[in-house]
């Protein structure tokens, strides 16, 4: 049966567009899961491609900096002037040993400089990348409330339109218009009223189908969170992050969030990335709220 992965609903044969969200339908729930898995694989490939591009730019920047340094040194030597690095190089104390130390260390950046350069490369690369679409997870209880609200609104509008159109047809309400225009106007009122009632019926039907799934989803969420907090602690997550001592608070929080996401996906096989994000936020708050 046609299936909408966003609304988690099945439709009768012949329908190709979801009546709630307007998205395209898949042939079956299995086909939707397969397509979503393929999309996640493509997204991971794009992420790896971005990481590779940033790393190549990082290496290129280091190589360019080294070539520029060698070129400046050559020009100074050709001019017959000895480069004076005493003020900038703490290794050079004016002795021959100091000059040898300076020659061996002048092109070797420190770890702090490498990290700063890498962070700058990442910021520049991210600034030219198109923003990723953000998908916010909406739980089934919220979907149910939205469907019921929509159904009530369309019922009210459709009822009013039909009542007005009926009064126009029987002559109680006389619209001062030409006969042809009057027929067109009354017909449009009737069509809009009928259409509103059809949307009401579909929204109400979807809400009824969704209602039994609310308790199931809440139970699944509770079980998943209890499983994760029972399996892992905040210390386990921090131990899985390499070099966390050198990370800022914002970077550390992002790394923690990514670890939680990875362990959720691998441990529970959750297909909906937006649902994983929502679970990760709740788990993060439980484990790190006092830190």
Flagged in segment 31-48 as under 15 Å from the mean Cα position of the chain (by Cα), at pLDDT 75 or above and surrounded by fewer than 12 Cβ atoms within 10 Å (Cβ to Cβ), in numbering order, are 39
Criterion first (outside any helix (DSSP H, G or I) and at negative phi) does residue 264 satisfy it? no
Select from segment 202-231 the residues that are surrounded by 15 or more Cβ atoms within 10 Å (Cβ to Cβ), in contact (Cβ under 8 Å) with a residue 12 or more places away in the chain and out of contact with any strand residue (DSSP E or B) (no Cβ under 9 Å at 6 or more places or on another chain) and list them in ascending order. 202, 203, 204, 207, 213, 214, 217, 221, 224, 225, 228
Determine, yes or no, whether residue 234 is closer than 21 Å to residue 152 by Cβ, touching a helix residue (DSSP H, G or I) at 6+ places or on another chain (Cβ under 6 Å) and either modelled with pLDDT under 90 or crowded, with 17+ Cβ neighbours inside 10 Å (or both). no
Tell me yes or no: at least one residue of segment 202-210 is assigned to a helix (DSSP H, G or I), touching a helix residue (DSSP H, G or I) at 6+ places or on another chain (Cβ under 6 Å) and farther than 24 Å from residue 273 by Cα. yes
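The values are calculated or read from the model by the stated rules, or taken from the named source; none is laboratory data. Everything numeric here is computed off the predicted structure, so don't read it as measured data. Using ideal geometry, Cβ is built from the backbone for each residue, glycine included, and neighbour counts are taken over all protein chains shown.
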